[in-house]
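Nothing in this text is a laboratory measurement; each read-out follows from the coordinates by a stated rule. This one's a predicted model, so the numbers in the text were calculated from it and none came from an experiment. Positions of Cβ are generated from backbone atoms using ideal geometry, with glycine treated the same way; all protein chains shown enter the neighbour counts.
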Amino acid sequence: MKHNVNIVDVDLTEEGVMNPDAFGPDLKGWRLYRIEYGGCNEDCLWEGRILLPPRADRDAVADLIMGMQAREQIWTPL
C-alpha cells in the first residue's frame with residue numbers, strides 16, 4: 001500500500017552554553033540545541049530550544065520527530 005505523507009523538516013543545531021551551571025547539577029553535561037521546524041534559519045516556521053543528554057544523537061531526535069509525523073498520517077485509530 002502506498003501512502004503520501006507531508007513531513008515538516010526538523011533540524012537541530014548545537015548552541016554554545018556560556019554558563020553550564022545554569023542548568024543545575026542534574027543536567028550537568030547536557031547539550032543545548034536550537035530546534036527548527038519547516039526549514040533552516042530564515043526559512044523555519046518555528047524554532048525553540050531543547051536540552052539533550054551528553055551522548056544523545058541529534059539526528060536520531062530529528063528523525064524520531066519526522067517519523068512521528070509520518071506515523072500519525074498513515075495510522076488512523078479504528
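About its Cα centre, the dipole of region 10-74 is roughly 280 debye, where the only charges are +1 on Lys and Arg Cβ and -1 on Asp and Glu Cβ. For semi-axes √(5λ) of the Cα gyration tensor in Å, the value computed from the atomic coordinates appears in the list (i) 30, 15, 9; (ii) 23, 13, 12; (iii) 27, 13, 11 under label (i).
In this structure the amide hydrogen of Arg31, modeled in the peptide plane, comes within under 5 Å of the amide hydrogens of Leu52, none closer than 5 places in sequence on its chain. The long axis of helix 58-74 is offset from the longest Cα principal axis of the chain by roughly 30 degrees. For region 1-40, the set of trypsin sites (Lys or Arg not before Pro) satisfying both a DSSP loop assignment and a count of at most 13 other C-beta atoms within 10 Å is given as Lys2, Lys28.
Show me the trypsin sites (Lys or Arg not before Pro) within region 39-69 that DSSP assigns to loop and that have at most 15 other Cβ atoms within 10 Å of their Cβ.
Details: sites: Arg49, Arg55, Arg58; in loops: Arg55.
Here the sparse-neighbourhood loop sites are Arg55.
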